[in-house]
Structure formats: structure tokens, C-alpha cells
1. Among the residues of the stretch 247-298 satisfying the criterion of being of a type in the set (A, V, I, L, M) and in contact with a Pro (Cβ under 6 Å, 6 or more places away or on another chain), which is modelled with the lowest pLDDT?
2. Considering only the stretch 100-140, state which residues are more than 16 Å from the chain's Cα centre (by Cα) and charged (D, E, K, R).
3. In a loop (DSSP other than H, G, I, E, B) and either out of contact with any Leu (no Cβ under 7 Å at 6 or more places or on another chain) or open to solvent by 30 Å² or more (accessible area, probe 1.4 Å) (or both), is that true of residue 56?
4. Residues that are over 17 Å from residue 99 (Cα atoms) and out of contact with any Pro (no Cβ under 9 Å at 6 or more places or on another chain), at least 2 per element: which strands (runs of 3 or more DSSP E) completely within the stretch 159-246 meet that?
5. If a residue has to be out of contact with any helix residue (DSSP H, G or I) (no Cβ under 7 Å at 6 or more places or on another chain) and assigned to a helix (DSSP H, G or I) to count, how many in the stretch 276-292 make the cut?
6. For the stretch 143-165, which residues satisfy the criterion of being open to solvent by less than 30 Å² (accessible area, probe 1.4 Å) and under 14 Å from the mean Cα position of the chain (by Cα)?
7. Looking at 61, 7, 27, can you tell me which residue is part of a loop (DSSP other than H, G, I, E, B), at pLDDT 95 or above, in contact with a helix residue (DSSP H, G or I) (Cβ under 8 Å, 6 or more places away or on another chain) and open to solvent by 60 Å² or more (accessible area, probe 1.4 Å)?
8. If we keep just the residues of the stretch 30-53 that are among the hydrophobic types (A, V, I, L, M, F, W, C), closer than 16 Å to residue 5 by Cα and in contact with a helix residue (DSSP H, G or I) (Cβ under 7 Å, 6 or more places away or on another chain), which is surrounded by the most Cβ atoms within 10 Å (Cβ to Cβ)?
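The values are calculated or read from the model by the stated rules, or taken from the named source; none is laboratory data. Just so it is clear, the structure is predicted and the values come from calculations on it, not from any experiment. Neighbour counts are summed over all protein chains in view; Cβ atoms, including those assigned to glycine, are modelled from backbone coordinates with ideal geometry. These accessible areas exclude ligands, DNA and RNA; they are computed on the full protein's heavy atoms, side chains included. Shrake-Rupley method; radii C 1.70, N 1.55, O 1.52, S 1.80 Å.
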Amino acid sequence: MSILINKNTKIITQGITGKTGQFHTEKCQEYANGKNCFVAGVNPKKAGESIFDIPIFGSVKEAAKQTGATVSVIYVPPPGAAAAIWEAVEADLDLVICITEGIPVRDMLEVRNKMKKREAAGGKKTLLLGPNCPGVITPDEVKIGIMPGHIHKKGRIGVVSRSGTLTYEAVGQLTEIGLGQSTAVGIGGDPINGLKHIDIMRMFNDDPDTDAVIMIGEIGGPDEADAAVWCKANMKKPIVGFIAGVTAPAGKRMGHAGALISGGADTANAKLAIMEECGFTVTRDPSEMGKLLKALIK
């Protein structure tokens, strides 16, 4: 078991013929069962061609119909990325993973509202991961995104993070101490995104092959606090928590577009305090995440 994806997932790459799409699709193909998982690409101008033995289709709907793919990954440049998300949603996919960074906030607002309306009207609920995220990986099965495959190891610890580099940091530590990961999920740092910490924590809680979780957040927004409160009431597994940005000054935009703190409950210290109150084992030192987790599950 795992969450979101496994070795049998069939995947479409939107933006497969662009430089970034080509590079990462090839790397994902080379990882574990990637050759069998990446079954289609989309580029309306190159329909009928192929790249890396992957057929290219004119639309996501056509690609899904012909190949049975249920997941798409998006490397489309920022101006067209929100439209690419919506195309995947309209094709009734299960999951859309948007790697693209720098999508205009207004575009994301529009596409998220359209997704909510579609669902309210009885349409299929398509999950969105990202944008501005590294993707998701189930080690030794399949990776979808830009994470380095070699640092991952099959195991029973879930990882969820708003920060790409801190995802890799947690994963690297778990691999080094021999624990490994069930699934590692980067949810992205944009202010308007799809799956939140709380959604991923629910999935890990329900996954019989995940024994514990490392949850990594950042300053800004209520997401980590919301997840912590839910975990206090529902989570049956031990959690190590870390929040990046302890030294960030209030009111200053920091790195990720979503990391803007107003100076209240969305500072790193406030979030760490809430997580601690909710039963998390928290650390202010990211180099300790793996060691703390190992001590929890002994």
C-alpha cells in the first residue's frame, strides 16, 4: 500500500515536449516502474508523434481514453498552467500534479473556484497536488515530479511538506537511518493550492503501511494548525513536526508565495506551539527530524 500513487499508476505528462517536461519525464521513466507508468504525453501541435517511446496526444481527454491513465503531471509554463490543470480536471482524472512555479494567483483562484463548482454540481472530484511543488513518490514503485530518486528508500514512514528541499532533507535522514518512506508528498508553497497537510495526514492515517509521519510546514497561513487540530482528535500514529521560518520577520514575504506571516498564529513559533499542544513531537532543528522519528517508533 501507499497513498496517491503506486507501481500500477498510469500517468500523462502535460508539457512533455518542453525542456523541463522532457528532462523530468525521462528521469521518472528511469526510476523503478516508470517505463510502464508513463503512458502518454500531451501537446496539441505534436499529436501523433512520440518521445521516449511515449505517444503524444492532442488533449488530456484523448490521452486518458486511449491509455487508461488516471493521473497527470504538469510542466506547462506559468501562463498556460492553470488552463492545463482545468483540462485535466475536465478529463475526469483522479489526480493532477502541477509542478509549475509562478502561476498567477488570479489564475489559480479561477481554476480552484471552477473545480469547486464542478464538484458541487455532481462532477467527479479530481485531486490537485501543487502547484509549485516537487511532486509525489512511492519509493521503489514510481516517482512523479522533480525529486531525486536515489535518496528514497522503501519503508513505512510518511513525509508531507510544503517545502521541496525540506522534503528531500527528511527523506535523506530517514533513508540514512534505515527507515525509508511509504510515500513522500510535496504539497507546494503557493497561497492557493490543492491538497493541504490535513488531506495528506488523513490519507497517511488510513494507510496500513504507514507507521508514523514527518510533517513539515512553513510560516504563513492556517494549514499546519488546522492539520494539527485534526490530528489531535483523529491521528493514531506518531508525528514529528517542523516549521521553517523561526527567524522570519512578521509582515515580510519570504521565498514561497504562500509564506507571508501576519504576525499572529501563523508564525513558526505559534505553529510549533499548536503542534506541540496537539501531541506532535516538534523540533526547531531540521537535522533532528529523522532521529526524533526513530526514537518515537522504537
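1. Applying the filter and picking the extreme gives 257.
2. 106, 107, 110, 112, 114, 116, 117, 118, 119, 124, 125, 140
3. no
4. Working: elements: 181-186, 212-218, 239-244.
In the stretch 159-246, the matching strands (runs of 3 or more DSSP E) lie at 212-218, 239-244.
5. 6
6. The answer is 143, 144, 145, 147, 158, 159, 160, 161, 162, 163, 164.
7. After ruling out the rest, the residue left standing is 7.
8. Only one residue fits best here, namely 38.
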